[in-house]
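Taking it in order: structure first as structure tokens, then the write-up.
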Amino acid sequence: MFSKPPEYWAVLAGMVLYMAIKNAADNPLKFRILKTLASALLTLGFSEDLAPWVRDSETLAAIAIMAGGLILLDTLTSIMSDRDFIKDIIKSRIGR
């Protein structure tokens with residue numbers, strides 16, 4: 001796991017720093033840390049498996065995972081925090 005090239009670690013560190021400061025005024029520190037940590041761990045875990053799909057480059061895989069993970073986490077967080085939206089989905093499933 002730690003035998004990755006320096007470029008990989010530079011990209012991972014850069015993306016982690018970017019995610020940590022993104023929307024700093026809107027989100028509490030604890031939330032930003034957890035979201036950043038989750039994305040970084042997903043990147044470490046999946047970059048080697050995703051590399052064959054992006055020109056065998058773990059660096060490109062890390063960028064894809066961090067960017068995709070950020071979009072996915074932001075989308076899920078927005079959906080889950082919108083109680084009216086969730087109520088509408090439940091009502092439509094129940095049929096009321």
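Go ahead and estimate [θ] at 222 nm for the chain from helices alone: -39,500 (n - 2.57) per DSSP H run with n ≥ 4, summed, over the residue count, rounded to 500.
Per the formula, -26000 deg cm²/dmol.
List the equivalent ellipsoid semi-axes of the chain in whole Å, largest first, each obtained as the square root of 5λ for an eigenvalue λ of the Cα gyration tensor.
32, 18, 9
Assuming a strict under-28 Å limit between Cα atoms, what lysine pair count do you get for segment 6-94 once near-sequence pairs (fewer than 8 apart, same chain) are dropped?
Close lysine pairs under the 28 Å cut-off: 4.
Please give the length that would be gained between R93 and A25 if that part of the chain were fully extended, namely 0.36 nm times their separation in residues minus their C-alpha to C-alpha distance (nm, one decimal).
So the extension gain works out to 20.9 nm.
Set Lys and Arg Cβ to +1 and Asp and Glu Cβ to -1, take the dipole of the chain about its Cα centre, and tell me which of S39, A61, L50 lies farthest positive.
Projecting each Cα onto the dipole axis, the largest value belongs to S39.
Under 10 °C and 1.306 mPa s, how fast does segment 31-84 diffuse according to Stokes-Einstein, given a Kirkwood radius computed over C-alpha pairs? Answer in µm²/s, whole number.
135 µm²/s
Quick note: the coordinates plus some simple rules give every number you see, no bench work behind them. This structure is a prediction, so every number in the text was calculated from the model and none was measured. Virtual Cβ from ideal backbone geometry, glycine too; neighbours counted across all protein chains shown.
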